[in-house]
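The values are calculated or read from the model by the stated rules, or taken from the named source; none is laboratory data. Just so it is clear, the structure is predicted and the values come from calculations on it, not from any experiment. All Cβ positions, glycine included, derive from the backbone under ideal geometry; neighbour counts span all protein chains shown. In case anyone asks, the SASA skips ligands and DNA or RNA and just uses the protein heavy atoms, side chains included. Shrake-Rupley method; radii C 1.70, N 1.55, O 1.52, S 1.80 Å.
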Amino acid sequence: GASPKLILHVKLVGEAAEILIKKLFELNVSFDANFVRFGVAFHDSGKIIHSEELSKKGNLHEFEGEKFLLENGVDEKLARCCQSHGKWQTMNCSFEEYLVALSDKLWKGKREELLENIVIDKVAEILNQDRWQIYLQLDSCFEQIAFDGDSRLLQSKNN
């Protein structure tokens, strides 16, 4: 029951996620890329119910999305992305959930420094490498994704 606008949104967030996934694979980061892909696909499921939040700010879709997915047999860890993509600052998230939340910011050109730093710190920890070396590599990736945000937003608004 997803609208074409919601499907396009998922596609555009997915483009950002794929660039992140590719970069993390290049760095040899061990993580569940398919979780990130499914998390991106599911994160705004609640907007099927609260379609007004496709064009207006709101977070009613977060709880409703998780509930909807759980009722339809989706694994609870994946269904949680409905809430964690918006509440990553107050929830104890997995690395993959942070990547879903970051993809949902970067796709539209928004840089969220705190979230980016969490991802950078986690990658440095996973790889047991210097944080600043990781920062240099990931920051340029984040900037590349954000740079194309205007064109993605334009696609989103034209639909």
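Rounding to the nearest 20 debye, state how big the charge dipole of region 23-69 is about its Cα centre with +1 on each Lys and Arg Cβ and -1 on each Asp and Glu Cβ.
Working: 6 positive and 8 negative charges, 21 e Å.
Taking the Cα centre of region 23-69 as origin, the dipole is about 100 debye.
Hey, what did the chain get for relative contact order, percent, Cα under 8 Å, at least 6 apart? List each step's numbers first, then the result.
Values: 202 pairs, mean separation 41.6, N = 159.
Contact order relative to length: 26 percent.
Kindly write out, for region 73-83 in residue order, the coupling ³J(HN,Hα) from the Karplus curve 6.51 cos²θ - 1.76 cosθ + 1.60 (θ = phi - 60°), rounded to whole Hz, with x marking Gly and Pro.
With the stated coefficients, region 73-83 comes to x, 6, 3, 4, 5, 6, 4, 4, 4, 4, 8 Hz.
Measuring with a 1.4 Å probe in the full set of protein chains, what accessible area per residue, in whole Å², belongs to the chain?
Values: 8450 Å² over 159 residues.
With all protein chains present, the chain gives 53 Å² per residue.
Based only on Cα atoms, what Rg/Rh ratio does region 80-159 have, Rh being taken as Kirkwood's radius? Write down the numbers at each step before the final one.
Numbers: Rg = 13.4 Å, Rh = 13.2 Å.
Rg/Rh: 1.01.
Hey, can you grab everything whose amide H is under 5 Å from the amide H of PHE31? Only 5+ residues off in sequence or another chain; H modelled, so Pro and N-termini drop out.
Distant-sequence amide H within range of PHE31: zero hits.
Determine the gain in length on full extension of the stretch LEU70-SER55; use 0.36 nm per residue of separation and subtract their C-alpha separation, reporting nm with one decimal. Each step should come with its number before you reach the end.
Numbers: separation 15, 0.36 × 15 = 5.40 nm, distance 2.51 nm.
Full-extension gain reported as 2.9 nm.
Only Cα pairs within less than 10 Å get springs; with that Gaussian network setup on the chain, which residue of ASP130, ASP104, ASP44 has the largest fluctuation?
For the chain, modelled as a Gaussian network with Cα springs under 10 Å, the answer is ASP130.
Could you work out the equivalent-ellipsoid semi-axes for the chain, taking the square root of 5 times each eigenvalue of the Cα gyration tensor, largest first, in whole Å? Numbers along the way, then the final one.
Values: eigenvalues 132, 66, 31 Å².
The three semi-axes for the chain are 26, 18, 13 Å.
Using only Cα atoms, locate the centre of region 75-121 and the centre of region 37-65, then give the distance between them in Å, rounded to an integer.
Cα centres, region 75-121 to region 37-65: 14 Å.
Ordered by residue, what ³J(HN,Hα) values in Hz, to whole numbers, does region 48-62 give under the Karplus form 6.51 cos²θ - 1.76 cosθ + 1.60, where θ = phi - 60° and Gly and Pro are x?
Listing the rounded values in order: 5, 7, 10, 5, 4, 7, 6, 10, 10, 5, x, 10, 4, 5, 5 Hz.
Extending each Cα 7 Å along its Cβ direction at LYS110 and SER140, get the distance between those two points in nm, one decimal.
Distance between label points: 2.7 nm.
What number, rounded to the nearest 500 deg cm²/dmol, is the helix-based mean residue ellipticity at 222 nm of the chain, given -39500 (n - 2.57) per DSSP H run of at least four residues and division by all its residues? All intermediate terms of the calculation are to be shown ahead of the outcome.
Numbers: 9 runs with 109 residues, N = 159.
Result for the chain: -21500 deg cm²/dmol, rounded to the nearest 500.
Beyond 25 Å between alpha-carbons counts as too far, so tell me which of LYS22/LYS47; LYS5/LYS108; LYS22/LYS110; LYS11/LYS57 fall in that bin. Mind showing how you got there, number by number?
On the way: LYS22/LYS47 28 Å; LYS5/LYS108 15 Å; LYS22/LYS110 20 Å; LYS11/LYS57 20 Å.
Violating the 25 Å Cα-Cα cut-off are LYS22/LYS47.
Suppose every K and R has +1 on its Cβ and every D and E has -1 on its Cβ; what is the size of the dipole of region 14-159 about the Cα centre, in Debye to the nearest 20?
In total the dipole reaches around 300 debye.
Would you work out what percent of the accessible area of region 1-146, with all protein chains in place, is carbon or sulfur (probe 1.4 Å)? Please report the intermediate quantities before stating the final value.
Details: 3740 of 7420 Å².
Carbon and sulfur atoms account for 50 percent of the accessible area of region 1-146.
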